[in-house]
Amino acid sequence: MAVKRQISMVLDLNKCIGCQTCTTACKLMWTNRSGREYMYWNNVETMPGEGYPRGYQKMGGGFDKDGALKLSKQPSLEDYGIPWEYNYEEALMTGTDPWLRPNVKPTWGANWDEDQGEGDYPNSYYFYLPRLCNHCANPACLAACSRNAIYKRQEDGIVLVDQERCRGYRYCVNACPYKKVYFNEELSKSEKCIFCYPRIEKGLATACARQCVGRIRWIGYLDDKDGPIHTLVEKYKVALPLHPEWGTQPNVFYVPPMSSSKFGPNGEELDEPRIPLAYLESLFGERVGEVLETIKRERKAKNEGRESELMDTLIGFKHAEMFKLS
Amino acid sequence: MGMWKLKRRDFLKGMGLTGTGVLLSGNVWALNRLEPIGDTLSSEYPYRDWEDLYRNEWSWDKIGHAAHCINCMGNCGWDVYVKDGIVIREEQIAKYPSVNDKVPDANPRGCQKGAIHSTAMYEADRVHYPLKRAGERGEGKWQRISWDQATEEIADKIIDIFEKYGPGKLKTHQGSGNQSMVRQSAGNRFSCLVGGIQLDGFTVVGDLNTGAHLAYGNPLESFTSDAWFDADYILLGMINPNATRIPDAHYIWEAQHNGARIVSTAPDMNPSAIHTDLWMPIKHGTDPYLAISMVNVIIEEKLYKPDFMKEQTDLPILVRSDNQKMLRESDMEEGGSEEVFYHWDLNSNKPVKVKGSTGSTDKTLKLDNVDPAIEGEFDFDGIKVTPVFEFVKKEAAKFPPEDTESRTGLNADMVRREARRLAEARKAIVMLGYITSFYSNCLFTGWGYALALALTGHGGKTGGLDTSWVVWNHPRWTELANFGGKKLPRYEAGGIGEFKRGNMIKGARKHFDNAKLKEAVGFDLDDMEEMMQESIDKGWMPYYGEIKGMISVADNTFRRNKYVDEYRRVHLEQASELYVNVNVRLDSTAEWADYVLPAASHYEAWDLRTQGFHRFCNVFTRPVEPIFESKPDWEIMALLTKKIQERAIARGIGPIEDGDVTRDLHTIHDDFTMNGKLMTDYDVTKWMVENSPEFGDITIEEAAEKGFIVLNEKAGTNQPLVKDEPYNPFTAQTDAKKPYDTLTGRITFYCDHPWFMKMGAAVPTGRGTAGPEASKYPLAFYSPHTRWGIHSNWRSNKFMLRLQRGEPNIYINPELADKRGIKDGDTVRLFNANGEFFAQAKFYPSIPANTIMMEHGWEPHQYIQRKPMNNSMATFLQPLEMAGGWGHLGFKYAMWNANQLAHEGSYDIELANPEDISFS
């Protein structure tokens, strides 16, 4: 490990309800002001889907097999979604506009394809994927910054863009394959998720995690054998990084989603999950099937009244204990 | 580790930026007097002072507490962060204690709407000052006036109405927007004192689970959400908790991780269905057929549990074979009770009187040494009698899953398997959300599932029906809000009041084909009108007729009612003398008022709230002062009553006779404030905290410091709220053998009310809804609750809208869209006999191609041309829900009266004509 310690997050997609409380928590914490209005340092997207920014998975970035940075498309403001405003005053208070509407015709937003997914009724499928900066062990943003203004904090591995040193060249925006670095046009600086370090330093979990009402997020240090991250990532190996093939070595991990069975022509249940395994493997790598089997086995144990440390961890009996910050 | 450094130049070259970019960056370093840094990945970065930038953004002056007092059963405690007198953000308190170590704790209750309220409270639709209309009603022209002027003019108008028309002509309905104790008490106490009309808040919006009331005698006795966790079978019967029960949903998925099987029945694979072990894609509105088919399987495969049936249900109660009426004591004895019934005791082979019924003096469910028969036919002094269960069997036998498959669209083998799983479960819960009661067959859905659960012994700690509401015992609140019971508002049947006063029959007659309607739901509009009139005439359901003035509090009545243009027209016409709206924002109802009085929002007043699926009372500590000239509801009513009292005295008005009571406008302020004792929101909060037994010994200072109070055992209404156990409903019945609040004292599956007999509904059965079959319009349509608002609250908040499509949208299957030439994002026109509305089309492959969904709650002023969905939505009432004079059936506020229905109508769809949707 390049850093002394690495803080990390695990998200259980089986518990994510798509409520966007994390998104709004982050929004009011950091991005409802100062040129950050269009940014969602944390967003939740419906998968399969275009995501945020639109089509980011196909833009490129990250590293190739040889460890070389790969070029990507620079997202436009339309790809992120224009943060439209409303004519409250004119439509409601002065009666000068006939109805309340956005000031631009909405054509895209951070959650535009909510609940859409793929497949045909009744064999459609979708699930929610919350995303934040992965605070990678090998950050492409950091590698691409010609100013050396992006660094990893040695004490916790949080990746930051030095807001004094940054000159707004946007190489980092291009290089990050997750498109989790944003350009602040007002300030001419690049900004991104800071893993709420001011909170972490005070022993408080990130806003997205502490405010997650689905209780899907755990935070801790990767090397802490008594912590939840180690239990889920190392011990039971049920938490996987998103797109490991992009080469950045994310420190955010996901428990992949189970799904109910598909239906046959007579409405009978087939022995085939509605979310194709191959699709999940394209996101989380080849171990998905194994992880889903582990969860199935451990759920069965709980159903039969046997102990399961794994499921007890995933249940997360005490909210405060989902975060181990020392 | 050096690899990426070597490659960077290639990367930059690729971006076409090497020349200037790299050179420039080198120059800037020099100019900046910063040395280039070699390795920012694995060595300590030297220039970290800047990090204070973000640290400084995370700062505040003080933290207060609040929940949100709207019609959401979340009720979540928040820390409210204040800086320079402005609320900058909120974050869940997240410190609720665990009930016990085996159940996940309730933290951090909250959702995305709560998390952005600090933006909504400062939005430009907030009402800042008392407003008086300066043009015609609804014209959007306002004059700012003083509180003194506003309250004086309103007071005089109210007195005028009393003088001109007498009492009973004021509709003072307080809507579901005020669910917290202090706010709710303000409006309700005012209604008590003036004798205003207050409609049943459940049925006005179609929220009452009438099937649950019919079965259990109490639709509001349900589970706290932590009691879901130890279930091993949960059927999300008609509910989408991931979208509409956000703070509680985690318990379902934690139960799943704990080994429970989670199943959903829903027409669309909604955000909850995606996580279930099985999604049953049921055809819209056919749920009673699924329930009764499950009953069919349970009976046919003998999966039922006779012990539970005998003790807890009316299934062994004897029914006369000759007239299918329950055998009553009055049939057998001179002067006998009509509310005492019989079992056939297999031990003595004799009939015995049933203990615990309404007419019985022995209030217990204990059978002692009686073994009541549930099957067979017996002779009782020449009268042939047979237990209720025989009738249930006979009816259920008509509905094997193979036969209902064509209605429900559900594979029969799948239904059989789920019936078995429900029967085998240790603790099974069937959850029915408020969408259930938006359908005309709600009664049958709730009743059918109650039967499936009772047959399989699921009650109390072994499960039961979750009706999405838990009511706690609050004697001081009840006393305050109802003026100690000394004077009451004119409580009115909600669905009936809205339907009649809103002239909704007109829309129903335009939309539905009467003959087809009768075929679909078992009655037509003539039957319905006749039965409604009978119900009113017989005094089963109260309806108070024409109004002259309206004071609307926390109610978006011109948004939520169906056939709404006509509804609004009639109300404004009747309330010709006065229409006052008390509101935090200029919603679609406030827009039409004569006067708008600005109310304080959630973070601007002291208050308490317990309603929710949990045992916590959240404390609102007025983190900031009311913005501009807004005032807490209590203070508004105190001011208004002060003026009424002053003006009444000045005008020489004394006590006004109103039936058994007098309306004393000349002392109304003294009465309202308990002679000056309760003048402010703080006074009331303090009084409530310090006098309510369910809060225990706690001071307001302690409560405010913490932000919440844990309710003690006295909070349970049906049984004590046990300190270290989740709350399961009806354990007083299953464990302590206390009778249910029903005619027979038992869970009821036989109703010999003449209407139920006439309509073939003496026992649970299958029943459909109107839908496309009863009209000319081919597409089924439903408008469920949304994850993006609580009804219209936060529906027009820009932070919420930016995470949606920015404007009202419908959900359409791409296959249907393709047939109609509609692309995702297009504006479409939905139309039927009652009108049209426009919305953006959003593709949703998880909905059937013959169905359109639109989440409800959009403000009429958000629609193109201000044509809201509700205007073209026709509705009617289920006549059986208006039945009375039979045991526990009869008008009971929040318990039994007819729902306003929302999902019976249908539509057709086409691409919108560009000229119709332009903004001009």
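Only the coordinates and a few stated rules stand behind these numbers; no lab work does. On a predicted model such as this, the values are computed, not experimentally measured, just so you know. When we count neighbours, we look across all protein chains shown, and the Cβ atoms used for this are built from the backbone with ideal geometry, even at glycine.
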Q) On alpha-carbon atoms, Rg over Rh for the stretch A:253-301 using Kirkwood Rh? A) 1.02
Q | Two-site FRET efficiency, B:Lys350 against A:Arg306, from Cβ-Cβ distance with R₀ of 56 Å, rounded to 0.05 | A | 0.65
(Q) Can you compute the FRET efficiency between A:Lys73 and B:Met674 using 1/(1 + (r/R0)^6), with r the Cβ-Cβ distance and R0 = 60 Å? Round to the nearest 0.05. (A) 0.30
Q. What is the calculated FRET efficiency for B:Ser576 to A:Leu187, with r their C-beta to C-beta distance and R₀ = 56 Å, to the nearest 0.05?
A. 0.45
(Q) Using the Karplus curve 6.51 cos²θ - 1.76 cosθ + 1.60 with θ = phi - 60°, what ³J(HN,Hα) values do you get for each residue of the stretch A:216-226, in whole Hz, with x for Gly and Pro? (A) 9, 10, 10, 10, x, 9, 4, 8, 8, 5, 8
Q. In the protein assembly as shown, with Lys and Arg counted as +1 and Asp and Glu as -1 at Cβ, which of these residues, A:Asn123, B:Val470, B:Met759, has the Cα nearest the positive end of the dipole, that is, farthest along it?
A. A:Asn123
Q.
Please list the three semi-axes, largest first and in whole Å, of the ellipsoid equivalent to the stretch B:836-920, using sqrt of 5 times the eigenvalues of its alpha carbon gyration tensor.
A. 36, 16, 11
Q) By average Cβ neighbour count within 10 Å, what is the ranking of B:214-223, A:256-265 from highest down? A) B:214-223, A:256-265
**Q.** Pair B:Asp39, B:Arg651: separation of 7 Å Cα→Cβ label points (nm)
**A.** 8.7
Q | Relative packing of A:317-326, B:63-72, which averages over residues the other C-beta atoms within 10 Å, highest first | A | B:63-72, A:317-326
Q | chain B, Cα convex hull volume normalised per residue, Å³ | A | 209
Q) Along the Cα-to-C-beta direction of A:Asp66, a point sits 7 Å from the Cα; which residues of the stretch A:141-171 have their amide N less than 20 Å from that point? A) A:141, A:143-145
Q | Total charge dipole magnitude, the stretch B:65-120, about the Cα centre, Cβ charges on Lys, Arg, Asp, Glu only, Debye to nearest 20 | A | 100
Q) Do any of B:Lys506/B:Lys867; B:Lys164/B:Lys631; A:Lys324/B:Lys461; A:Lys202/B:Lys798 go past 23 Å between their Cα atoms, and which? A) B:Lys164/B:Lys631; A:Lys324/B:Lys461; A:Lys202/B:Lys798
Q. Which one of B:Pro778, B:Phe843, B:His888 has its Cα pushed farthest toward the positive end of the charge dipole of the stretch B:772-916, where Lys and Arg give +1 and Asp and Glu give -1 at the Cβ?
A. B:His888
**Q.** 222 nm mean residue ellipticity, helices alone, for chain B (DSSP H n ≥ 4; -39,500 (n - 2.57); rounded to 500)
**A.** -8500 deg cm²/dmol
Q.
Nearest 10 degrees is fine. How inclined is helix B:412-424 to the longest principal axis of chain B, computing both from alpha carbons?
A. 80
